[in-house]
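Written below as structure tokens is the structure these notes are about.
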Amino acid sequence: MIEDKKGPAKAGAAEIPANDTGGDPESELADSKDRLLRALAETENVRRRLQRERDDAQKYAVGGFARDLLSVVDNLRRALDAMPESAVKDARTRSLREGVAATERELLAVFERHGLQRVDPKGEPFDHNFHQAIFEAERPDVPAGTVVEVLQPGYLLHDRLLRPAMVGVAKGGAAPQEEADEA
């Protein structure tokens, strides 16, 4: 006969499973409920984050393509500026200019339908979030910090800057309106 080396079991001692903390069943229930609620909240947060990321991906997916098309619309504008309406003498040149203008209008309409907005800030205060200053010009009749010339318009894709407007800014003129009000 083989005897148990642990010795005889004590009378009345119950076996406790290894995973049981020996605590109150109500506190265990509350702890399990808390863990469940936290897991559900985490799942909901992950779902919302993924939904937001998916929406952003759909909204801004055309960003690279739109950025590439900006040079096309810039070239159409340069072509129209190179031949002003007053310089057109014959019907053939007028027809060509009208075709380029129609192409530019259509491209800009497509941009608008897809959330691409032109930033043309002439006369507005300089905003480093949307404008890139290329030069400063002495303009005593214009408040300092005002955009006096737009070299290249900027573009927004929905609410994100796709390309800043390249601008010339007035310096040395009258104080900007906001600063004059504060003084």
- Return yes when GLY145 is modelled with pLDDT under 90 and in contact with a Lys or Arg (Cβ under 9 Å, 6 or more places away or on another chain) and no when it is not. no
- Message: Please verify whether ASP31 is surrounded by 10 or more Cβ atoms within 10 Å (Cβ to Cβ) and at pLDDT below 95, treating the condition exactly as stated.
- Response: yes
- Note on the structure: Taking region 73-107 and keeping only residues that are touching a helix residue (DSSP H, G or I) at 6+ places or on another chain (Cβ under 7 Å) and aliphatic (A, V, I, L, M), one is left with VAL73, LEU76, ALA79, LEU80, MET83, VAL88, VAL100, ALA101, LEU107
- Note on the structure: Reported set for region 72-92 where residues are surrounded by fewer than 14 Cβ atoms within 10 Å (Cβ to Cβ) and farther than 14 Å from THR103 by Cα is ASP81, ALA82, PRO84, GLU85, SER86, ALA87, LYS89, ASP90, ALA91, ARG92
- Within region 58-67, the residues that are under 21 Å from PRO164 (Cβ atoms) and without any contact (Cβ under 8 Å) to a residue 60 or more places away in the chain are GLY64, PHE65
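The values are calculated or read from the model by the stated rules, or taken from the named source; none is laboratory data. What you see is a predicted model, and the numbers here were worked out from it, not measured in a lab. With ideal geometry, Cβ positions are generated from the backbone for all residues, glycine too; neighbour counts draw on all protein chains shown.
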